[in-house]
1. Looking only at segment 220-244, count every residue that is crowded, with 24+ Cβ neighbours inside 10 Å and either within 15 Å of ligand 2 (Cβ to nearest atom) or charged (D, E, K, R) (or both) and tell me the total.
2. Could you please find all residues in segment 98-114 being under 21 Å from the mean Cα position of the chain (by Cα) and part of a loop (DSSP other than H, G, I, E, B)?
3. If you take the residues in segment 295-314 that are surrounded by fewer than 21 Cβ atoms within 10 Å (Cβ to Cβ) and either within 16 Å of ligand 1 (Cβ to nearest atom) or among the aromatic types (Phe, Trp, Tyr) (or both), which one is nearest to residue 59 (Cα to Cα)?
4. Given the conditions (1) under 22 Å from residue 249 (Cα atoms); (2) among the basic types (Lys, Arg); (3) within 11 Å of ligand 1 (Cβ to nearest atom), report the number of the one that residue 20 does not fulfil.
5. Take segment 258-278 and flag every residue that is out of contact with any Lys or Arg (no Cβ under 7 Å at 6 or more places or on another chain) and either surrounded by 13 or more Cβ atoms within 10 Å (Cβ to Cβ) or β-branched (Val, Ile, Thr) (or both).
6. Counting only residues that are crowded, with 19+ Cβ neighbours inside 10 Å and within 16 Å of ligand 2 (Cβ to nearest atom), how many does segment 1-29 have?
7. Picking from 127, 119, 144, 83, which residue would you name as being of a type in the set (Gly, Ala, Ser) and within 25 Å of residue 36 (Cβ to Cβ)?
8. Looking only at residues that are surrounded by fewer than 22 Cβ atoms within 10 Å (Cβ to Cβ) and outside any helix (DSSP H, G or I) in segment 69-92, which one is nearest to ligand 2 (Cβ to nearest atom)?
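The values are calculated or read from the model by the stated rules, or taken from the named source; none is laboratory data. All values reported here derive from a predicted model rather than from experimental measurement. Every residue, glycine as well, gets a Cβ built from its backbone with ideal geometry; the counts of neighbours run over all protein chains shown.
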Amino acid sequence: MTNRDLTPRVITLGTAGGPRWWGSGQPIRRSGIATAIQVGDAFYLVDCGHGVGRRINEAGLSLGNLRGVFLTHLHSDHTIDLASLAVFGLYEMLERTGSPVVLMGPGDRGMLPPVSPRAAVPPRPVAPEHPTPGTARMFDTLMAAHATDLNDRIIDSLRPSPLDLFAARDIEIPEGVGYHPNDAPTPRMAPFEIYRDELVTVTATLVEHPPIAPAFGFRFETAGGSVTISGDTAPTPNMIELARDTDLLLHEAIDFDFVESIYAHRTDDGSRASRDHHYKSHTSVRDAARIAARAGARQLALHHLVPGTADDDVWRAAADEFDGLFHLPDDLDVIPLRDEDALVGSPPLRRRA
Ligand SMILES: [Zn+2]
Ligand SMILES: [Zn+2]
């Protein structure tokens, strides 16, 4: 069946941030960060947090229609189910024809971040021969780690190789913007195009999420509106420029009261370093709303919620600072890029236990 309705929409596959499962002894309400942008039959994926394959299935999306995977940055909460998407996904992509799925994300960091001033002795890095792989090497390495399984399937069962189904490449930062992973991870810059097909044009900008670098926000422009996805970032003018007059901004948010409840009473260096990271690399609920307002976004949805177990009231504070349409999506909610399309679009997929 072909979907001739090209009204673009976002499906919030996973809405929690952070390298956690956010379990509390109950069924987990928010799975890891992942967002689908659907235009007609085609869809695009931004980030591959925990549970992304399950959520794609629950949303009724078919991997045969997946055109591109875009990774904002290489923190594990955004990449942890990339391997399962490619390995399990192979069985849902048998009928797929045409070009491979584009997989784009940050390139090699190029150097390790500076050692925390709180370190008593310099920690030993993982994989010192390639300690900061980019997207293309990461994907190759993930598939290599599954070689025993994949080669059985490829050689004995004549299944396709994920290396043929996905085309991984690193996003190249334009020359001359003054980017440096440690000294200038977020220079002021104009958004630049990273992908285009007949349905979408994707632009990116550098956002502020030290020490990880590069870290990107993405904007998808379609004939029926635009959606901008912040990735993980502290407030930065680059984000406001990327989101200028966008129809829908999905912005990350963290509850700093939660951060204080975890770390305020801890005095060990690891806890202090973790607390520092949250303040310099993430955005409060109210700041996310102010950014949306300054950018002139017509709709704001908060996602990448940390913690993934907070009461809704924590996030609804954003509505005080934003005059446009505010959404607090659950996993599997559907948000049309233009709110007038909400009346004519498909009914929400909202599905609550
Ligand atoms: Zn994250
Ligand atoms: Zn991150």
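1. Total meeting the criteria: 6.
2. Those that are under 21 Å from the mean Cα position of the chain (by Cα) and part of a loop (DSSP other than H, G, I, E, B): 100, 107, 108, 109.
3. Here the residue is 309.
4. (1)
5. Once the filter is applied, which keeps residues that are out of contact with any Lys or Arg (no Cβ under 7 Å at 6 or more places or on another chain) and either surrounded by 13 or more Cβ atoms within 10 Å (Cβ to Cβ) or β-branched (Val, Ile, Thr) (or both), segment 258-278 yields 258, 262, 267, 271, 274, 275, 276, 277, 278.
6. Matching residues across segment 1-29 total 6.
7. The unique qualifying residue is 83.
8. 75
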